[in-house]
Structure formats: C-alpha cells, structure tokens
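Visitor: Handing you a structure now.
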Amino acid sequence: MRQPPGILLVTLFCSLSFPLYSVETELTEEKTYCLRWADRFLSIKDGQNYKKNKISAAKFPMYVDLCLKNYVELRNMYKKKSQSK
C-alpha cells in the first residue's frame, strides 16, 4: 500500500527535529541569562523605565546579542568579581 507523501514528510520532520531540540535546550540557559543581563544593564544605564523610551528599548536586542557573543567572558568576569568581595 502506498502512503501519502504528507505522512513521509511529517515522519522525516519529526525525526530530524529531536537533535535540534537538544541544541535549543542548551542555548536556552545562555539566552535566558543574556535577556536578564541586558535588562539589568539597561535599567542601570538608562533608568528603570528604559522600555518606555524608544531609543533605549531599541538597544535591548543589541545588548542581548553582545552578551551571547561574549557569554563565557561575561560569566567569568562576574564570577571573579563575586569571589573578590
């Protein structure tokens, strides 16, 4: 019996999506950290209501990307700072 091509595509998609899910789970911790870091950074730099300011709010994704690119260095820097206290 011949199966419809839709079932084959769904099966193929499901089998290939599991490895991608595991990679996304790894990135979630970094992404969560960077979202919080960017929020704290902009709150300190531009004030608590930075999200209401269009210019400051537009900086948010830029700081998240900056954090993601320098994630290891940032974590090590803050870890050293907390140990030196």
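Visitor: Label points 7 Å out from Cα along the Cβ direction at residue 77 and residue 57: separation in nm?
Guide: 2.7 nm
Visitor: Still on this structure: Step through the residues of segment 33-48 one at a time and calculate ³J(HN,Hα) from phi using the Karplus curve (6.51 cos²θ - 1.76 cosθ + 1.60, θ = phi - 60°), rounding each to whole Hz and writing x for Gly and Pro.
Guide: 4, 5, 5, 5, 4, 4, 5, 5, 4, 5, 5, 6, 6, 10, x, 4
Visitor: If you don't mind, there's one more thing I want to ask. Take the cross-link list 52/81; 31/80; 54/81 and give me the ones stretching past 25 Å between alpha-carbons.
Guide: 52/81; 54/81
Visitor: Counting Lys +1, Arg +1, Asp -1, Glu -1, what net charge surrounds residue 45 among other residues with beta carbon under 14 Å of its beta carbon?
Guide: On the way: positive: 40, 51, 59; negative: 39, 46.
After counting each charged neighbour, the total is +1.
Visitor: Separate question: With a 1.4 Å probe and every protein chain left in place, tell me how much accessible area residue 55 has, in Å² to the nearest 10.
Guide: It works out to around 120 Å².
The values are calculated or read from the model by the stated rules, or taken from the named source; none is laboratory data. From a predicted model like this one, the values you see are computed outputs, not experimental measurements. For neighbour counting, all protein chains shown are included, and Cβ atoms are generated from backbone atoms with ideal geometry for every residue, glycine included. Side chains are part of the model used for accessible areas, which takes the heavy atoms of the whole protein and leaves out ligands, DNA and RNA. Shrake-Rupley method; radii C 1.70, N 1.55, O 1.52, S 1.80 Å.
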